[in-house]
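Only one structure is covered here, and it is reproduced in the block below.
The values are calculated or read from the model by the stated rules, or taken from the named source; none is laboratory data. These numbers were taken from a predicted model, which means no experiment stands behind them. Cβ placement follows ideal geometry from the backbone for every residue including glycine, while neighbour counts extend to all protein chains displayed.
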Ligand SMILES: NC(=O)c1ccc[n+]([C@@H]2O[C@H](COP(=O)([O-])OP(=O)(O)OC[C@H]3O[C@@H](n4cnc5c(N)ncnc54)[C@H](O)[C@@H]3O)[C@@H](O)[C@H]2O)c1
C-alpha cells in the first residue's frame, strides 16, 4: 500500500479483533503503531505478540472517559513524536430487544461507540490541525449504521451517528488536509461476535452467512484491516467524507 511506511498510527481498540489485525497490517506496511484497549492485560498481550513486527506500544483506558482519552492521545504523540493516522476503532455491542433496553445500557453503548469516537477523533484532529501538515482519521461504523438490525437499537444508533460525525468532520477539516472516512463492516469473525453468538445455536454463524451474506461466509478481521490500510494510504488520496462497506454483499440483497 502506498505511503504507509514510517507513518505514525494510533489505533483505539487495537488490542483485539479487527483493531489487533489492523495493528499487524500497519506494522507489516512499515508504520509505527500505538494501540489502545480497555483492558491493560489484553493491551500488553497484543503488544507482546506484535513486537517482532516493528515499533509498537500500548496504552489502556476507556475511550468514553475524557481523562483516559487525553492520556491515550498525549501518550501516542509522546511515543511516536506525533500522529499521522488515527484508526478510531474501539467499540462494543450486545444483543437486546428494543423493549428491554434500560437507560443505563443505552447510555453505555452510546457513550463508548459515539461519545468515545468523538472524544478520540477531536483530540487527534486538534493535534493534526495544530501541526498543520494534514493526516487521516478513519472512524469505525458498521452496516448496522446503515440499516436497523433487530435487537441492536442502541448499537445501530451509535453506528449511524458515527457516519454523520464522519461527514461533518470531513466538511469542516478537509481544508486542513485531513482526510476522514468511515468503515462499515458486516459480519466479521472477532471475539466480540463470538461472545454475542455464544448464547445462540451452534450453527448460528454458518446459518447467518448462508441466509444473509452472498459470499456465504463471515468476514475476517484481516479483511477489514486491509480496508483500513487502503483508506489510510495515498491510494485513497481523493476519498473523503464517505463510507466503505466491507460486508460480502450483505447490503446488496433486496
Ligand atoms: N465484528 C464485527 O462484525 C463488526 C462489524 C462492524 C463493526 N464492528 C466494529 O469494529 C470495532 C472492533 O470490533 P471487534 O469486533 O474487533 O471487537 P473486539 O471486542 O474484538 O475488539 C474491541 C476493541 O475495542 C476495545 N474497547 C471496547 N470498549 C472500549 C472502551 N470503552 N474503551 C476503550 N477501548 C474499548 C477493546 O479493548 C478491543 O480492543 C467496533 O467498533 C465494532 O463495533 C465490528
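See the values below:
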quantity: Residue count for the range 10-26, restricted to those that are surrounded by fewer than 24 Cβ atoms within 10 Å (Cβ to Cβ), part of a helix (DSSP H, G or I) and within 6 Å of the ligand (Cβ to nearest atom); calculated: 1
quantity: All positions within the range 45-78 that are more than 13 Å from the ligand (Cβ to nearest atom) and either in a loop (DSSP other than H, G, I, E, B) or at pLDDT below 95 (or both); calculated: 54, 55
quantity: The range 123-152, residues that are in contact with a strand residue (DSSP E or B) (Cβ under 8 Å, 6 or more places away or on another chain), away from the ligand (no atom under 12 Å from the Cβ) and either closer than 25 Å to residue 253 by Cβ or outside any strand (DSSP E or B) (or both); calculated: 124, 125, 128, 129, 134, 151
quantity: Evaluation of residue 29 against (1) away from the ligand (no atom under 15 Å from the Cβ); (2) in contact (Cβ under 8 Å) with a residue 60 or more places away in the chain; (3) touching a strand residue (DSSP E or B) at 6+ places or on another chain (Cβ under 6 Å) (one fails), failing number; calculated: (3)
quantity: The range 79-101 - residue that is more than 14 Å from the ligand (Cβ to nearest atom) and more than 17 Å from residue 156 (Cβ to Cβ) and, of those, surrounded by the most Cβ atoms within 10 Å (Cβ to Cβ); calculated: 85
quantity: Residue count, the range 179-213 (criterion: more than 11 Å from the ligand (Cβ to nearest atom), modelled with pLDDT of 90 or more and exposed (fewer than 12 other Cβ atoms within 10 Å of the Cβ)); calculated: 3
quantity: Close pairs (7 angstrom Cβ cut-off, 6 or more residues apart or separate chains): over 16 Å from residue 246 (Cα atoms) in the range 186-211, near the ligand (Cβ under 9 Å from one of its atoms) and assigned to a helix (DSSP H, G or I) anywhere; calculated: 191/17; 192/17
